[in-house]
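Asks: Pasting a structure here, questions to come.
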Amino acid sequence: MAKDLYPVCARCTKVVCDPRLKVGEEPHLNEAPAFCPMKLMPEVIAEAITEYDKPEVKEFARLASVQEFECYEQLPEGRRTKIPRVEELIQFAGKCGYKKLGIAFCGGLANEARILTDILEHKGFTVASVRCSVGATPKERIGIKEEEKIAGPGWLETMCSPIIQAEVLNKLKVDLAIMMGLCIGHDTLFIKYCRVPMTVIAVKDRVFGHNPMAALYLSGSYYSRLMTKTK
Ligand code: SF4
C-alpha cells in the first residue's frame, strides 16, 4: 500500500465498483481514485473473495442477497422499498432455516425486547433473551468509582455484561443472536465474544430514539457542533 494512502470509499466520486453497466461489460477499474482499496490492496481483495468459495459461506451470502432483493418491489413508476428491518429479520431467519433466536438487549430497551419477543414468537421462532445486567455484577468489579455511577455515589449499580450475554447465547447455541440497543463499547465486546451468527436490530442512541443517523441529518443545522474541528 502506498505510503500515507488508505481507503476512503466515503469520499469517492467515481464508484467504479458499482457501475451502471450491462452483464458482460467490464467496470473501468483503472478510473478508480488513488485511495481506492482495489488499487491499494488488490491482494487482500483477491484473497477475501475466495472465502465465498466455501459452500456454506456462498449459500449464506446468496440468501442475504436474495433477502436484499426482496426488500424492494418494482412498480411501473419505479422501485419502491417494501419492508422494515424487523420483517427483513423475520424473512431472513426463515430463509436460513433458523428456529432458535437469541436477543441480547440493553435494560433501557426492555420493553422493546418484550415486543420483539412477541413478534418473533408469533412468527414461529423460539426466542431466548439476555438482559445486559445479567450476572448482577457490581460495577466495582471493573474499577468504576462512586462518582462514575449513573445513579450517583452510594448506589449499588450492576455493570453491563455483554460478555456474559454472548456466552449465554453461545451456550444455548442459538441459530441467530440479535443485538438490541447495547451501548457503544458494550456492543464491541458482545461482537467480540459472540460465536454464533449475529445481526443487529437496533443500536443505542439515547437522544434520538435509537436512530443515530438523526444527528448526521441535523449536522448542518441544530447539530452543527459535530462539524466544528477539534484540535
Ligand atoms: S471501492 Fe474504489 S471505486 Fe468503489 S467506492 Fe471505494 S474508492 Fe470508489
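Asks: Identify all residues within the range 31-42 that are in a helix (DSSP H, G or I) and either at pLDDT below 95 or exposed (fewer than 14 other Cβ atoms within 10 Å of the Cβ) (or both); write none if there are none. Write out each step before concluding.
Replies: Within the range 31-42, the first condition is being in a helix (DSSP H, G or I), and the residues that meet it are 31, 37-40, 42.
Glu31, Pro42 - these are the residues of the range 31-42 that are in a helix (DSSP H, G or I) and either at pLDDT below 95 or exposed (fewer than 14 other Cβ atoms within 10 Å of the Cβ) (or both).
Asks: Then there's this: Would you mention how many residues in the range 43-62 are among the acidic types (Asp, Glu) and assigned to a loop (DSSP other than H, G, I, E, B)? If you could, list the steps in order and put the result at the bottom.
Replies: Narrowing the range 43-62 to residues among the acidic types (Asp, Glu): 43, 47, 51, 53, 56, 59.
Still in the running and assigned to a loop (DSSP other than H, G, I, E, B): none.
Qualifying residue count, the range 43-62: 0.
Asks: Surrounded by 15 or more Cβ atoms within 10 Å (Cβ to Cβ) and part of a helix (DSSP H, G or I), is that true of Leu109? Don't jump to the end; show me each part of the working.
Replies: Working: surrounded by 15 or more Cβ atoms within 10 Å (Cβ to Cβ): yes; part of a helix (DSSP H, G or I): yes.
In short, yes.
Asks: Take Val207 and tell me if it is aliphatic (A, V, I, L, M), touching an Asp or Glu at 6+ places or on another chain (Cβ under 8 Å) and modelled with pLDDT of 95 or more. Give the steps one after another, and end with the answer.
Replies: On the way: aliphatic (A, V, I, L, M): yes; touching an Asp or Glu at 6+ places or on another chain (Cβ under 8 Å): no; modelled with pLDDT of 95 or more: yes.
No, not satisfied.
Asks: Against the definition (touching a residue at least 12 places away in the same chain (Cβ under 8 Å) and of a type in the set (A, V, I, L, M)), how does Ile83 come out, yes or no? First the steps, then the outcome.
Replies: On the way: touching a residue at least 12 places away in the same chain (Cβ under 8 Å): yes; of a type in the set (A, V, I, L, M): yes.
The answer is yes for Ile83.
Asks: Here are the criteria: (1) within 16 Å of the ligand (Cβ to nearest atom); (2) part of a helix (DSSP H, G or I). Tell me which single one Val66 does not satisfy.
Replies: (1)
Asks: In addition: Return the residue satisfying two criteria in turn: it lies in the range 11-30 and is exposed (fewer than 11 other Cβ atoms within 10 Å of the Cβ) and in a helix (DSSP H, G or I), and of such residues it is nearest to the ligand (Cβ to nearest atom).
Replies: In this case the residue turns out to be Arg11.
Residues are listed down the side, and each one gets a yes or a no for (1) within 16 Å of the ligand (Cβ to nearest atom); (2) free of Cβ contacts under 8 Å to residues at least 12 places away in the same chain; (3) surrounded by 10 or more Cβ atoms within 10 Å (Cβ to Cβ); (4) farther than 22 Å from Ala202 by Cβ:
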{"position": "Leu5", "(1), (2), (3), (4)": "yes, no, yes, yes"}
{"position": "Ile45", "(1), (2), (3), (4)": "yes, yes, yes, yes"}
{"position": "Ile49", "(1), (2), (3), (4)": "yes, yes, no, yes"}
{"position": "Lys58", "(1), (2), (3), (4)": "no, yes, yes, yes"}
{"position": "Glu88", "(1), (2), (3), (4)": "no, no, yes, no"}
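The values are calculated or read from the model by the stated rules, or taken from the named source; none is laboratory data. Since the model is a prediction, treat every value here as computed from it, not as a measurement. Cβ coordinates were reconstructed from backbone atoms using ideal geometry, including for glycine residues, and neighbour counts include every protein chain displayed.
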